[in-house]
Structures are given as C-alpha cells and as structure tokens.
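What follows is a single structure, written as structure tokens, with notes after it.
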Amino acid sequence: MAPLIEFRNVYKIYRMGDTEVHAVDGISMTIERGEFVAIVGQSGSGKSTCMNIIGCLDVPTAGQYLLAGQDVGRLDDDDLAAIRNRMLGFIFQQYNLLPKMSVLENVEASLVYAGVPRAERDARAKKTLARVGLADKLKNKPAQLSGGQQQRVSIARALAGNPSVILADEPTGALDSRTGREVLALLQDLHREGNTIVLITHDNSIARKAERIIRLEDGRIIYDGPADAERAVVQAEGGQDG
Amino acid sequence: MSFFQSFRLALQSIFSSKVRALLTMLGIIIGVAAVIVIVGLGNGMQNFMTDSFESMGTNLITVTVVGRGTARSVSDDDMYELAQENPALLSAVSPTVSSGAQLKIGTETPSTSVTGVGEDYADIRQYEVGQGRFLRYVDVLRRQKVCVIGSYVSNEYFDGGGVGETIKIGGYTYTVIGVLKEKADSGEYGDDNVALIPYTNAVKLSNSGQISSYYFSAASEDVITQAKAAIEERLEKAFGSDTAYSVISMSELLDIMDDMLNVMITILAAIAAISLVVGGIGIMNIMLVSVSERTREIGIRKSLGARQRDIMQQFVIEAATTSGIGGVIGIGFGYLLSSLATKLIVALLQQDMAVTPTAGSIAMAFGISVAIGILFGYLPAKKAARLNPIDALRYE
Ligand SMILES: Nc1ncnc2c1ncn2[C@@H]1O[C@H](COP(=O)(O)OP(=O)(O)O)[C@@H](O)[C@H]1O
Ligand SMILES: [Mg+2]
C-alpha cells in the first residue's frame, strides 16, 4: 500500500519582486497511516506552507505530493475540495469556527458539503462533540465558549468527517499552558485511537508529545526521526541558538 | 450543498444584519412598489374607461357627415332605410342634431345642451325614462313641441319632477313629457344635463338646417365590424367619396384608447423598472462588500471541502433571497400605496376609479426582483467562489 503522505522533492517558491522565497525548498518525506508526526521549526521555516500543501489548500511549485498514492498536483480546484472534504481534517491556531453558526452546525459543516443526510449528520456531529466533552454546548455560538472549548469544537469538526489525516497548525498557540496541555492530551488520545496526526509547532516541548519529529529550517528538513531521540533535542537547541 | 441548506444560510445571514439587508433591498422595494402602483393605476384607468364607454353603449356606431367636396347628401330616411334593410347588423338608428338653441326655464337660462334626436335614441344611448315617456315616432313626424329632460335639469329646476311643465327653446314653448333616470352622477357636466327634442324641430333651430350626425346601434357586439362596413358602403355610394363622412364605433375607439394606455403603462413601468436595475446594482455592491468581509468564512468553508459551486450557490441564493424579500416587501408597499392612491383619486377627482394592482404585475415584479438578485449576485458569488483557500484563510 502506498504511504499516506509522500513528498517527492517538493518546492514552494514565492516570487516577491526580484527575490524568490523558497518557503519549501526541496522536501522529500513520507508519513504512514497511524503516525503522530510533529513538524517543528522556527517561525518562517516553512511549517505552515508544508501543512497547506499536505492539506491540499495549496499546490507545490515543483515536485510531487502524493496523498494515498494519488498525485495531487494533477487535480483541479473541485477535486482538491473533495479530497479536503473526505480525507483531511484541519485544526487551526485561531480555531476558524464560523461565528454565526452554532457549535453543532459548525461540526456538521463538512458533512453538509459531503452530502450526508441530515439525521446521520446530526448523530455523527453529536457523537464527536461528546467525544471532545462538549455534548452540552451544541446550541451555543462559538463566541460563548472559552478558547479551549472553541479549539475542542474545531477538533470535533476535524474528526466528524472521519478523515485520513488530522492536520493541526499550532493548535495550542492561542491557549494558556493548562488548556494547551488538555488539547494536546486529546490529540494524543485520538492518535491512540488510530488517527493519523500531523502537528505543527515551533515549541519543542509540544513537539516531543508526538512519536516522530520532522525539523525544518529555511524550508529544508534538518532532522527526521523519533521524538525521544537524543538528536531531536540537541539539534533543536542548536537550531534555537543559531 | 442542497438548495435548502443554502437558503437557510442566506436567511441566517440576512437576519443577522437586518438594517443592512433592508438598506440593500431599498432599491428593489421602491422599484417593485413603483411598478405595482403604475400598472395598478393603468389597470384602474382602463377599467374606468371601459366602464364609461360601456355606459355610452359599446355597440354604438357614430356617423358624422361633413359633406366636404361633394354636392350629394344623405337624408334621415336613407339612414332609417339602411337600418331596416340590415336588421341582422343594425338594431336602431337616431339622427342627432345639436340645435345650438338656448334653453329657458322661467327666467333662468341653464347650460343644458338641446339635442334633437329620434325615438330610438334612449335605447341606443341606454337612457331609461324615470317619469313620463320618451319621444315617439309621431312626435318626430309631426314636429311636436315636446321635450325630455335629464335628471340634472329635473333636480335643478323642477325639484326632481318636471313632467307637464313648459320650457322655452329658441323662443318656442315646449312641454316636458319625460324625465330620464340618472345615468352618470346627475352632475352639470355629463349625460344628465340634457334636453332632448324631436330632431325634426332641432334641424329647424340649427344654423345649418342639416342633420350632421347619426347614432347607430349594432345588433350585437359580434357584428360591429360588419355593421360599420355596411354603413360605410352605403355612405360611399351616396357621396361617391370617402372623405365626406366618418364612421366610428365605440368598441374601436375603446380598443384604440386601450392600446394607447397599454403603451403608456408599458413605458412608465419600464421607467419604474430602471429603479429595479439600480436596486440590483445596490445588491451587487453590498454583496461585493459582504464577500470581502466574509473572505475568512469562505476560506474556512473551502478548507472543509466546499467546492466552487457550493460557495457560488450560497452567495447567489443569498442575493436572490435578499432581493426576493425586497420584492415581497415592495409588493406589500405597492398595495398600500395603491389603496392610498385610490382614496386620493376619489377624494380629489370625485371619480370612482380604483388603482388595482394586477396579479400579473405582482408575479412579474416578484420574478424580476429574484432574477435581478441572481443576475447581480452572480459576479460577487463568482469572486467568492474563485478565492484561493489559503489567501482566504489568512485574510484578516
Ligand atoms: N503567500 C506568501 N507570499 C510570500 N511569501 C510567503 C507566503 N507565505 C509564506 N511565505 C514565506 O515563506 C516562508 C515560510 O512561511 P511559513 O510556511 O508561514 O513559515 P512558518 O509557518 O514555519 O512560520 C516565510 O519566509 C514566509 O515569509
Ligand atoms: Mg506558521
């Protein structure tokens, strides 16, 4: 079986007048089903760009990205939308909930686009909300919830579509350390239940909660290995100093 | 995403900013109301006209003889003969002669016009006799000095009676033998301020000494055209020219007036519809603002798997719903204005003409407003649908 995620010499190059910014500068890597990977690096190292490509929100300038063996570069807008809908669940730093809709409607949104009938949609959304401990907040608007609760809504939303990968870009970035730890624990639980998770963070202590760390610097991979290895930390500190 | 889902989202979005939605709809509301009132006004005018024409008799055919460019002429006997020969086409005929003579009642000189007519005139013009009797053939034949007065004259000078009284016409004494029932509103200007005398007398009173017009009644509405043709044929034969007379049927006149009114209404409605277009541009404007305000929402929806057509549908339906609601409000508003206009017309013009919006104009106004929403919502929706998901997500 093809790996779930495979980058083959992927570039993302932004042209800013005369200069070129290589946000992703020739990355090759694979992520298998069931992994919990943290992509770490300093701000501006290309983590978000990487996640956008993995999430089919953006396409590489050069190189190939294969999702479950399928070359995403060949697909059009609507195909990419369908892939995001079926295979990907996003968790953003700023939660990105729809403010005018209730918690339940937010979680149902991707199911609406998937064409899931109403009754099933309701049942699935309620189940995932119960899973993240928000069964009693279905009718609330996002603004009526705390930051940690909002992030849990967005986790429920990512889970509801039963995706192949959950992509979390700095999910604890806007939270205090205690709620941040709770959210992280929830992601670890989800991983234990068999979900594939790609977590993006600039924080080493958070990255170490994952199984595997991919460290980026200037759009290149400078470390790819177990999270508990000596080198992951050493390099991290080196990276931070330099 | 289903149509129903999009519709619910649209309502949610509209109701979450009511004032803005209302302002957005304003152009549509005004446009729709204007179209409804104008078409209603035209419809009312048409009804009013049809009613007035009907009270004159839609079967009426008038013949005016000018006698220009020919020495030949037709006599009243010719015209009676024509009617008798064509009973299937013509049911009655009456000469009408404006005597020009002054009417005197006691010492007063009313504005009443004195008209010489035949014995069938009452039937042709749909007058009914209230008191006494109408003119008869013998009155005409013997040139009796008898007279039938309209309800205005009776009310004004004889306290609602008058039969048996005498009046003076052109210096001769006439006896009132009948009073007509009210036909219009017994006003001074209308069919009720009349004095009818035998046409044989009126001819003598008039300057020309000639009968210059005839009223025919067609046997039925279906034969008006043939009846008119028969009259024309006879006159053509008599005069050897078709410029010496004119024949006009009321139904023809009504058709012409109808056509003119329709053209007028269409033009006015089209002008009013311009404000619908302006309203549409207003909707487009607000939708464009809304798209950029909701860029992030669009980004989120795209990250959740919304396809271009889902976003497109959401915004187009929102625009159509906005303008559709505007249309409904406009229809209500138009109704309100129509009933106000009716009251105003009745109060100011003393005519009982009702501004009646037509079902067709309402359906059309609503249809057009929804269509305008779709049309002018299309561009902003397209813009929204084409947004790049990451740019949209990053948008502050
Ligand atoms: N849309 C863009 N246009 C130009 N440069 C960009 C754009 N997006 C990202 N970059 C640049 O690419 C680099 C990587 O950015 P990013 O992936 O956001 O880094 P990180 O998420 O690790 O902080 C940065 O130097 C950033 O300035
Ligand atoms: Mg980032």
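Pairs are defined by a Cβ separation below 6 Å, a sequence spacing of at least 6 or placement on different chains, a first member in the range A:152-163 that is within 13 Å of chain B (Cβ to nearest Cβ) and touching a residue at least 60 places away in the same chain (Cβ under 8 Å), and a second member that is assigned to a loop (DSSP other than H, G, I, E, B) and among the hydroxyl-bearing types (Ser, Thr, Tyr); the pairs so defined are A:SER154/A:TYR95. Those residues that are outside any helix (DSSP H, G or I), modelled with pLDDT of 85 or more and more than 27 Å from the chain's Cα centre (by Cα), I need them from the range B:215-246; list them, please. Scanning the range B:215-246 gives a single hit, B:TYR245. Working carefully through the options A:VAL37, A:VAL72, A:VAL59, find the one that is away from ligand 2 (no atom under 13 Å from the Cβ), hydrophobic (A, V, I, L, M, F, W, C) and open to solvent by 40 Å² or more (accessible area, probe 1.4 Å). Answer to the selection: A:VAL59.
Residues that are hydrophobic (A, V, I, L, M, F, W, C), in a helix (DSSP H, G or I) and within 12 Å of another protein chain (Cβ to nearest Cβ) within the range B:257-316 comprise B:ILE298, B:ILE300, B:ILE311, B:MET312, listed in sequence order. Answer with yes or no whether B:SER323 is in contact with a Leu (Cβ under 8 Å, 6 or more places away or on another chain), away from chain A (no Cβ under 14 Å), open to solvent by less than 30 Å² (accessible area, probe 1.4 Å) and not charged (D, E, K, R). No; evaluated as a whole, the condition is false for this residue. Out of the range A:76-100, which residues are open to solvent by 40 Å² or more (accessible area, probe 1.4 Å) and in a loop (DSSP other than H, G, I, E, B)? Scanning the range A:76-100 gives A:ASP76, A:GLN93, A:GLN94, A:PRO99, A:LYS100.
This table checks each residue for (1) free of Cβ contacts under 8 Å to residues at least 60 places away in the same chain; (2) of a type in the set (Phe, Trp, Tyr).
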{"position": "B:GLY132", "(1), (2)": "yes, no"}
{"position": "B:VAL138", "(1), (2)": "yes, no"}
{"position": "B:VAL153", "(1), (2)": "yes, no"}
{"position": "B:PHE158", "(1), (2)": "yes, yes"}
{"position": "B:ILE169", "(1), (2)": "no, no"}
{"position": "B:VAL179", "(1), (2)": "yes, no"}
{"position": "B:ASN193", "(1), (2)": "no, no"}
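Report yes if some residue within the range A:173-184 is within 16 Å of ligand 2 (Cβ to nearest atom), more than 14 Å from every other protein chain (Cβ to nearest Cβ) and under 14 Å from the mean Cα position of the chain (by Cα); otherwise report no. Checking the range A:173-184: at least one residue is within 16 Å of ligand 2 (Cβ to nearest atom), more than 14 Å from every other protein chain (Cβ to nearest Cβ) and under 14 Å from the mean Cα position of the chain (by Cα).
Looking across the range A:195-212, the residues that are within 16 Å of ligand 2 (Cβ to nearest atom), of a type outside the set (D, E, K, R) and not in a strand (DSSP E or B) come down to A:HIS202, A:ASN204, A:ILE206, A:ALA207. Looking only at residues in the range B:13-23 that are open to solvent by less than 60 Å² (accessible area, probe 1.4 Å) and part of a helix (DSSP H, G or I), the one that is nearest to the other protein chains (Cβ to nearest Cβ) is B:SER13. The single residue among A:VAL112, A:VAL107 that is assigned to a helix (DSSP H, G or I) and within 9 Å of chain B (Cβ to nearest Cβ) turns out to be A:VAL112.
Scanning the range B:329-336 for any residue that is within 24 Å of B:THR358 (Cα to Cα), more than 26 Å from the chain's Cα centre (by Cα) and either more than 14 Å from every other protein chain (Cβ to nearest Cβ) or modelled with pLDDT under 95 (or both) turns up at least one such residue.
I need the full set of residues from the range A:1-34 which are open to solvent by 70 Å² or more (accessible area, probe 1.4 Å), more than 15 Å from ligand 1 (Cβ to nearest atom) and not polar (S, T, N, Q), in order please. Hits for the range A:1-34 are A:MET1, A:ARG8, A:GLU32, A:ARG33. When the range A:57-92 is filtered for residues that are at pLDDT 95 or above, within 10 Å of chain B (Cβ to nearest Cβ) and within 16 Å of ligand 1 (Cβ to nearest atom), only A:PHE90 remains. Being open to solvent by less than 40 Å² (accessible area, probe 1.4 Å), without any contact (Cβ under 8 Å) to a residue 24 or more places away in the chain and either more than 16 Å from ligand 2 (Cβ to nearest atom) or more than 18 Å from the chain's Cα centre (by Cα) (or both) is the requirement here; does A:VAL103 meet it? So A:VAL103 does not fit the description; no. For the range A:115-170, the set of residues classified as open to solvent by 50 Å² or more (accessible area, probe 1.4 Å), among the aliphatic types (A, V, I, L, M) and in contact with a helix residue (DSSP H, G or I) (Cβ under 7 Å, 6 or more places away or on another chain) consists of A:ALA135 only. Within the range A:33-56, residues that are more than 14 Å from A:LEU199 (Cβ to Cβ) have Cβ atoms under 6 Å from residues that are more than 6 Å from ligand 1 (Cβ to nearest atom) and among the hydroxyl-bearing types (Ser, Thr, Tyr) in these pairs: A:ARG33/A:THR196; A:GLY34/A:THR196; A:ILE53/A:TYR65, counting only partners at least 6 apart in sequence or on another chain.
The one condition from (1) free of Cβ contacts under 8 Å to residues at least 40 places away in the same chain; (2) open to solvent by 30 Å² or more (accessible area, probe 1.4 Å); (3) in contact with a helix residue (DSSP H, G or I) (Cβ under 6 Å, 6 or more places away or on another chain) that B:THR225 does not meet is (3).
The values are calculated or read from the model by the stated rules, or taken from the named source; none is laboratory data. Only a predicted model underlies this, so the values are computations on that prediction, with no experimental measurement involved. Counting neighbours? That spans all protein chains shown, and the Cβs are built from the backbone with ideal geometry, glycine included. Each accessible area value is taken on the protein alone, full model and side chains, heavy atoms only, with ligands, DNA and RNA left out. Shrake-Rupley method; radii C 1.70, N 1.55, O 1.52, S 1.80 Å.
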